[in-house]
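Undergrad: Supplied in structure tokens, the structure appears directly below.
No lab work stands behind these numbers, since they all come straight from the coordinates. What you see is a predicted model; the values in this text were computed from it and never measured. For neighbour counting, all protein chains shown are included, and Cβ atoms are generated from backbone atoms with ideal geometry for every residue, glycine included.
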Amino acid sequence: MWRWTSRKSRPNVTLMLRYALKRLISLIVSLAVASVVIFAVIEVAPGDPASFMLGVNAQPETLAALRSELGLDVSQTQRYFNWVGGMLSGDFGTSYTYRTPVSQMIADRMWVSLPLALYALTLSTLIAFPAGIYAAARRGRPGDLTVMGATQLGIAVPNFWFAMMLVLIFAINLRWFNAGGFVGWDKGIWAGLHSLTLPAIALALPQAAILARVMRSALLDILGEDFMRTARAKGLSRRQALWRHGVRNALIPVLTIIGLQFSFLLAGSIIIEQVFYLPGLGRLVFQAISARDLIVVESVVMLLVFAVIMVNFLVDLAYAAVDPRLRNRT
Amino acid sequence: MSLLQIENLSLSIHEAEILNQVSLSIAPGEIVAVTGESGSGKSMTALAVMQLLPDGAVGKGSIKLNGQELLDRPEAEMCALRGASIGMVFQEPMTALNPVKTIGDQVMETILIHQAMPAYKARERAQEVLIRVGLPPDKFPMSRYPHELSGGQRQRVVIAMAIALRPKLLIADEPTTALDVTTQAQILDLLKGLVTEYGMGLLMITHDLAVVSDMADQIVVMRHGEVVESGATDHLLRNMQHPYTRMLFEASEHQVNLPESYETKPLLQVTGVVRDYRLPRKQLFQTPGTHRAVDQVSFVLNRGERLGLVGESGCGKSTLTRAILGLEEIQSGQILLDDQPVFSGHKPNLAVRRKMQVVFQDPFGSFNPRHRVSRLITEPFYLLDDPPHGSDRLDRIAEMLGAVGLSADDANKYIHEFSGGQRQRIAIARALITRPELILFDEAVSALDVSVRAQILDLLAELCEAYNLTYLFISHDLSVVRTITDRVMVMQAGKIVEQGETEQVFTDPQHSYTRKLIAAAPRLPEIGRGAA
């Protein structure tokens, strides 16, 4: 019943490419600016990592040697370029505390955090779209009120509480899942997903509640538009008009929220990681900050900024795919 | 047998009575125009036929299409009728189309909902219909999106969607109200042609009596949800029975008597004004192009003179207005008010700015709903170095409200307590309160009903007498400009193509564009005037 676009209405390719190129340039500029800001902010923070690592009684010679080993003895500008150049070639430096390559540490954690974020986002979208559309189509009726009540609850209740409830019900009582920990992807993709399911649900529920509300209000705005009346005048039923003409027009605000949620899920899941003993990025940053492991903090923050900017880029492209009016805007 | 027969239709929405005992009928191939002022229930009558009424609407009486009752039809059957047996065209072509779908898809949809056929066949049919409404594929391929078309072209797409299945009945709700006169004439021709060609019945809803008398076979005049008078067009125009019908026709060609103005001292001098807008870059490192919205415009407005500015949408009228008000900087030329520039050193010149005021079109959107009238109309005082205080201020408010026909007590009310016409009076009071040298009226009566418009025009004439107003009256409505101005300028594509004494220009237009505009404007027939 629902055709996205027919053969002839495929987006104009050159227009789309030009739009993508413009977005790409703005992406690169944003990354450059972000790297300078991150570097500057972390560098001005008081405390010398070398003296922190060696303690107050360290010999000046040992301190100097360590500073040189960590690359702290050159000028700040030089250090910035070393850092950026290293990152571009995949070398994120060496952790001050663990003495292991930062890239390895991040990569290990990424394999948990990224799938978890994507898993949670998929769940949240799968819950929110039908719920939002259902509520909008039944505005003011019991179905709408039920969905709205549930989302109110979903927003109000913190996700760690959901996490605890999920553990109580599905891990301790029903024994369907483990209460925590990550088995690793080497046990197979299903085993990996299985151990991420409870945390993903805990993360997804509040996000789904927000997204469902955005979807509902965006659709309600669209339902009041003149072209929805035109659609009804053509002979479409309420439901057909909603699906064929409403949903795609309502996607713009929804996409914006999805983009924001992904960035949040990637780094903001620290509490959930703690609850489920997951070795994710959130915990890594937390530990690195406590240990003044600046190089790890810098790299993870930069990586997260990169992820956010990339997601925004993808959201921009999605906007243009959804709404032809945006394709020839700057 | 008539195609559509509405008998004693009454309608209420949440207990409020909207329609009362409305009856009308349409034969195949006949054009029936329903007319009346806003709130008369004409659009609701149309929506009742479509059964697309707002929630909570309860209808009584009978609506028969080809002898079959529509009022108690189940929704599923109505869906099968809408688009196939009844087509509908709406007022706002800018928003009536789905912005994210191509025009081809949208016309095809009407066909595919009702008839099972392969997509390529529906596409062929849609293409035929688009050609019929004047959108040939070489200029307007079906892959175009609505935002790539003008208002008139979009209205053609809406019409194509409505007639794609050759419905027996077409309903057009103010189909040309949002369009320019020349576009309006084309769309009306198209509708007339389709009615003859397809033998459709056309139910046309419009407030424009000139359009009504030009198009319709039958006229139905509505007021407060009731039909006050109906009949064959010629007959009705010749023998108007109901005082409301007569009032409507008189008001729509209302003439005012402007007092003579004798002074010849220039107040506003506009010389060689150019306003360019930067266009978006076509390629990355290319210098962006420009669009010249106002092109070498020069004119002089003398003190006490009433000058009109007419032209179609996009001709640069509003841009010129903004430049005169000092809201935007111009790229070359000069605008002097009382020999002082309105823009000095990239900033609006406040000393000049306080000598001008403006009245906008929309009486609903141009007021802050949270402020009382006294605050709304005294806002221009902020421009003054020494605004009146205390009792002086109250006197001024009372005087101004009195001058525009409201009472001093209205100062404590909020704007939602007033009707559209009263709001426009308040807008005029706001413009007058600082006793400006120049007032700009930007489509100031375009959104008003004819009877209210006549009152506001009378008010302007009175104020000209009392305050010796100088104004620039911008409008697309030629009949209004004709009566309310001494001189008129005609603007096309950023240029003033003709200017002169108003009567002179209207009776003996020199420029071909002026002639085209005047010819396209629908006129009330003489008979209406004779009978009234």
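Undergrad: Starting from the 7 Å offset along Cα-to-Cβ, what nm value, one decimal, do you get for the label separation of A:ARG139 and A:ILE270?
TA: With each label placed 7 Å out from Cα toward Cβ, I get 4.2 nm.
Undergrad: Could you tell me the relative contact order of chain A? Use alpha-carbon pairs under 8 Å, at least six residues apart, and round to a whole percent.
TA: Numbers: 344 pairs, mean separation 86.6, N = 330.
It rounds to 26 percent for chain A.
Undergrad: If one takes the longest principal axis of the Cα atoms in chain B, at what angle in degrees, from 0 to 90 and to the nearest 10, does the Cα axis of helix B:119-132 lie?
TA: Computed tilt is about 50 degrees.
Undergrad: OK, next. About its Cα centre, how strong a charge dipole does segment A:187-302 have in debye, to the nearest 20, once Lys and Arg get +1 and Asp and Glu get -1 at the Cβ? Don't jump to the answer; show the numbers that get you there.
TA: Details: 12 positive and 6 negative charges, 151 e Å.
Computed charge dipole of segment A:187-302: roughly 720 debye.
Undergrad: So, one more: What's the FRET efficiency of B:ASN20 with B:SER451 using the Cβ-Cβ distance as r and R₀ = 22 Å, to the nearest 0.05?
TA: 0.60
Undergrad: Give me the distance in nm between label points sitting 7 Å out from Cα along the Cα-to-Cβ direction at B:ASP138 and B:ARG246, one decimal.
TA: Taking the two extended label points, one gets 5.6 nm.
Undergrad: Going by a ≥ b ≥ c, the root eigenvalues of the Cα gyration tensor, does segment A:78-235 fall in the rounded group (a/c under 1.5), the prolate group (a/b larger than b/c) or the oblate group?
TA: Verdict is oblate for segment A:78-235.
Undergrad: Please name whichever of B:ILE6, B:ASN368, A:TYR119 sits farthest to the positive end of the charge dipole of the protein assembly as shown, dipole taken about the Cα centre and charges placed at Cβ: Lys and Arg +1, Asp and Glu -1.
TA: A:TYR119
Undergrad: Follow-up question, since we're still on this one. Anything over 26 Å Cα to Cα? Flag those among B:LYS355/B:LYS413; B:LYS265/B:LYS516; B:LYS317/B:LYS355, in the order listed.
TA: Checking Cα-Cα distances, B:LYS355/B:LYS413; B:LYS265/B:LYS516 exceed 26 Å.
Undergrad: Which of the three applies to chain A, rounded, prolate or oblate, going by the alpha-carbon gyration tensor with a ≥ b ≥ c and a/c under 1.5 meaning rounded?
TA: oblate
Undergrad: When only Cα pairs under 8 Å and 6 or more residues apart are kept, what is the percent relative contact order across segment B:134-266?
TA: Numbers: 94 pairs, mean separation 21.0, N = 133.
16 percent.
Undergrad: Ok, one more. Given labels modelled 7 Å from the Cα in the Cβ direction, how far is it in nm from B:THR507 to B:GLU77?
TA: About 6.2 nm, to one decimal.
Undergrad: Given Cα pairs under 8 Å that are at least 6 residues apart, what percent is the relative contact order of chain B?
TA: 16 percent
Undergrad: Within 10 Å of each residue's Cβ, count the other Cβ atoms and sort B:ASP173, B:ASP72, B:ASP295 from fewest upward.
TA: B:ASP72, B:ASP295, B:ASP173
Undergrad: Where does each of A:TRP176, A:TRP190 land when they are ranked from fewest to most other beta-carbon atoms within 10 angstrom?
TA: A:TRP190, A:TRP176
Undergrad: List the residue ranges in chain A for DSSP H helices whose C-alpha atoms run 20 angstrom or more along the long axis and whose Kyte-Doolittle average is 0.0 or above.
TA: Length and hydropathy pass: A:13-44, A:102-137, A:142-156, A:189-223, A:247-267, A:294-322.
Undergrad: Further question: Work out, step by step, the length gained on full extension between A:GLU61 and A:THR77: first 0.36 nm times the residue separation, then minus their alpha carbon distance; give nm to one decimal.
TA: Contour length minus Cα-Cα distance gives 3.3 nm.
Undergrad: Also: Using only the alpha-carbon atoms, how far is helix B:181-198 inclined from the longest principal axis of chain B? Give it as 0 to 90 degrees, nearest 10.
TA: 10 degrees
Undergrad: If you don't mind, another one. Suppose only helical runs count, i.e. DSSP H with n ≥ 4. What mean residue ellipticity at 222 nm does that imply for chain A under -39500 (n - 2.57) per run, divided by all residues and rounded to the nearest 500 deg cm²/dmol? It would help to have the intermediate numbers written out before the result.
TA: Working: 14 runs with 234 residues, N = 330.
Using -39500 (n - 2.57) per qualifying helix, the result is -23500 deg cm²/dmol.
Undergrad: Under the rule of -39500 (n - 2.57) per DSSP H run of 4 or more residues, summed and divided by the residues of chain B, what mean residue ellipticity at 222 nm is obtained, to the nearest 500 deg cm²/dmol?
TA: After summing the helix terms and dividing by the residues of chain B, the value is -10000 deg cm²/dmol.
Undergrad: How do A:MET228, A:MET105 line up, fewest other C-beta atoms within 10 Å first?
TA: Listing A:MET228, A:MET105 from fewest to most nearby Cβ atoms yields A:MET228, A:MET105.
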